[in-house]
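Working notes, beginning with the structure itself.
Here, each number is a calculation from the coordinates, and none is a lab measurement. As the structure is a computational prediction, the values presented were derived from the model and not from experiment. Don't worry about glycine lacking a Cβ; one is built from the backbone with ideal geometry, like all the others, and counts go over all protein chains shown.
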Amino acid sequence: MKTIKLICLLSLFVICGCNNSTMNSDTDEKGPKKSDDLYYMYSLYVNIQDASGVDLIRGIESEDWCSNCDEGIGTVKKDFYSLEVVFPVPCQDSYALHNKPRVGYIPDELTPKLGLRKLNNRYYLEFSTNTFVNPWGEYENCPPAEKITLKLTCPFLFGDDISREIVTFWQESKIVIGKQLCSKIEIEGYTVSSQIEYDKSQNSVASVILKTKASID
């Protein structure tokens, strides 16, 4: 009798164990496999110079500047620029949803911001954001963006109040999952030459020279 009870107990344990294993397998299969699969990351540091090699960003005023950091880090003062970020559809919906003001946040805390960095005695504007792949069905799935347009107005940099489109082109990193690399930069109203490298974190570090200026209607 004791032997029969033991066999029944072991059989029940094996059945429950199999069912539990199947449930976990279903969860892993249907749910996100890892956090890196949920979003794509875009990070660009860009130094802009005139045709004679003058750093046009040097001297722009910043907030929260950390001069004691390994690299100078801060944020460009809001009075110095306005910025609008444009993604291709449907990525614009993804970007807008995750960057709109929400309860508990200062209204403009999630609006686009320009960072400021000092690397090797040059100053760089920093643009960083991400888009979400949408595992929960709040909007249409967003593939990696091949083009992101930054509509930037910055009199300190360009010498006028005109909004210029800075068009950036991107491709996927083969080293960091989810990371996107900037491969090309175009600036409305200018013929430019640019050199883009990637640091160990796969951030895009660009040096852009404004060669010739054209009129903008």
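State, as an integer percentage, the relative contact order of the range 156-200 based on alpha-carbon contacts under 8 Å between residues 6 or more apart. Provide the component values of the computation, followed by the final result.
Numbers: 45 pairs, mean separation 14.4, N = 45.
Relative contact order for the range 156-200 comes out at 32 percent.
Going by C-beta contacts inside 10 Å, put I57, I175, I48, I196 in order with the fewest on the left. Before the final figure, lay out the partial values.
On the way: I57 21, I175 11, I48 26, I196 18.
Sorted ascending by nearby Cβ count, the order is I175, I196, I57, I48.
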| request: Could you check the simple spin-label distance between E165 and V86, using points 7 Å along Cα→Cβ, in nm with one decimal? | output: 0.5
